[in-house]
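Q: One structure follows; several queries about it will come next.
The values are calculated or read from the model by the stated rules, or taken from the named source; none is laboratory data. Predicted model only: the values in this text are computed from it and were never measured. Glycine gets a Cβ as well: all are built from the backbone with ideal geometry, and neighbour counts include every protein chain shown.
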Number of protein chains: 2
Amino acid sequence: MSFVLHPRLAADTLHVGDLPLCRVLRMNDARFAWLILVPQRADIVEAYELPAAEQATLWGEATDMGRALMAHTGGDKLNIAALGNQVPQLHIHVIARKLGDAAWPGPVWGVGTPQPIADTSAEIQRLQNALGLQP
Amino acid sequence: MSFVLHPRLAADTLHVGDLPLCRVLRMNDARFAWLILVPQRADIVEAYELPAAEQATLWGEATDMGRALMAHTGGDKLNIAALGNQVPQLHIHVIARKLGDAAWPGPVWGVGTPQPIADTSAEIQRLQNALGLQP
């Protein structure tokens, strides 16, 4: 089986670029600086189902993207989370939170209504530059 | 500066044991199979503030504890999250979720009222055995 992005993730996000292991997506919600990383492997639900070397790559990519996103957005607190209670395909949320943002200090999931990004191609380009991802 | 556990984490949890990097705590809430891992390092807020080798150890310990907790509890979905919006000391939530649990399918944070564990010493001993932690 080859990797296919879950349709729910595809519908909710913009494609920013690909790292050695993970596809990097931007949640299409202008309220939050919110990436989602999805390891490009078929049929993986839990991080521990990946080979040990890929587990390390997974979390390393999430941490590196988090650091770059915090620098890019001037974030106050990084949130990194693998939940997957609703979409089983393994995906890691990487969110640069701001004091007083629409969910602060609670978690972002399920809060209010997503606000679609107005100029998606400009946002993707900014993120590719900030995260060092090739278009 | 030496490591001191944040008083809020100390108040909300039971001490299960220590790994090479992280202190392993059990959230004192019987509704959820919920560990918290805290790297025993002073003044760390974000995972990327740790040296690269310790970042790998941090996530490796979280993933390993998650796998063991899932096996011990028969969990349906593992949640791993570093949030820290309210308690700045870096800590990783590791939660073995069950279908239909008190927060399912939403995240556990801020849901309802924690239910204190009745027999804390029995619970700690069970977890030490299940997680391979020395008393």
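Q: Pick from A:G84, A:G110: which is surrounded by fewer than 16 Cβ atoms within 10 Å (Cβ to Cβ), at the interface with chain B (Cβ under 7 Å from one of its Cβ atoms), outside any strand (DSSP E or B) and not hydrophobic (A, V, I, L, M, F, W, C)?
A: Numbers: A:G84 fails: surrounded by fewer than 16 Cβ atoms within 10 Å (Cβ to Cβ).
One residue alone meets the criteria, A:G110.
Q: Do the conditions hold for B:M70, that is, is it within 8 Å of chain A (Cβ to nearest Cβ) and within 15 Å of the chain's Cα centre (by Cα)? Spell out how you get there, then give the answer.
A: Working: within 8 Å of chain A (Cβ to nearest Cβ): yes; within 15 Å of the chain's Cα centre (by Cα): yes.
So B:M70 fits the description; yes.
Q: Spot the failing condition for B:E123; the list is (1) in contact (Cβ under 8 Å) with a residue 12 or more places away in the chain; (2) part of a loop (DSSP other than H, G, I, E, B), and only one is missed.
A: (2)
Q: So is A:L50 over 16 Å from A:V24 (Cα atoms) and within 12 Å of another protein chain (Cβ to nearest Cβ) or not?
A: Numbers: over 16 Å from A:V24 (Cα atoms): yes; within 12 Å of another protein chain (Cβ to nearest Cβ): yes.
Yes.
Q: Can you tell me which condition B:M65 does not meet? The list is (1) out of contact with any strand residue (DSSP E or B) (no Cβ under 6 Å at 6 or more places or on another chain); (2) under 18 Å from A:L90 (Cβ atoms); (3) more than 7 Å from chain A (Cβ to nearest Cβ); (4) not acidic (D, E), and all the others hold.
A: Of (1) out of contact with any strand residue (DSSP E or B) (no Cβ under 6 Å at 6 or more places or on another chain); (2) under 18 Å from A:L90 (Cβ atoms); (3) more than 7 Å from chain A (Cβ to nearest Cβ); (4) not acidic (D, E), only one is false for B:M65: (1).
Q: Hey, another quick one. What tally of residues in the range B:39-58 results from selecting those that are assigned to a helix (DSSP H, G or I), touching a residue at least 24 places away in the same chain (Cβ under 8 Å) and either buried (at least 19 other Cβ atoms within 10 Å of the Cβ) or hydroxyl-bearing (S, T, Y) (or both)?
A: Start the filter on the range B:39-58 by keeping residues that are assigned to a helix (DSSP H, G or I), which leaves B:47-49, B:52-58.
Still in the running and touching a residue at least 24 places away in the same chain (Cβ under 8 Å): B:47, B:49, B:54, B:57-58.
When the remaining residues are screened for being either buried (at least 19 other Cβ atoms within 10 Å of the Cβ) or hydroxyl-bearing (S, T, Y) (or both), the result is B:47, B:57-58.
The total comes to 3.
Q: Oh, and also: Of all residues in the range B:96-107, count the ones that are more than 7 Å from every other protein chain (Cβ to nearest Cβ), farther than 16 Å from B:A82 by Cα and either in contact (Cβ under 8 Å) with a residue 24 or more places away in the chain or not in a loop (DSSP other than H, G, I, E, B) (or both).
A: So the answer is 4.
Q: Another question, if that's okay. Please list, ordered by first then second residue, the pairs with beta carbon atoms under 7 Å, 6 or more apart or interchain, first in the range A:18-32 and within 14 Å of A:A122 (Cα to Cα), second among the acidic types (D, E) and surrounded by fewer than 21 Cβ atoms within 10 Å (Cβ to Cβ).
A: Taking only residues 6 or more apart or on different chains, the pairs are A:R26/A:E123; A:N28/A:D12.
Q: Would the range B:11-33 turn up any residue that is over 16 Å from the mean Cα position of the chain (by Cα), modelled with pLDDT of 95 or more and within 14 Å of chain A (Cβ to nearest Cβ)?
A: Looking for residues that are over 16 Å from the mean Cα position of the chain (by Cα), modelled with pLDDT of 95 or more and within 14 Å of chain A (Cβ to nearest Cβ), one finds none in the range B:11-33, hence no.
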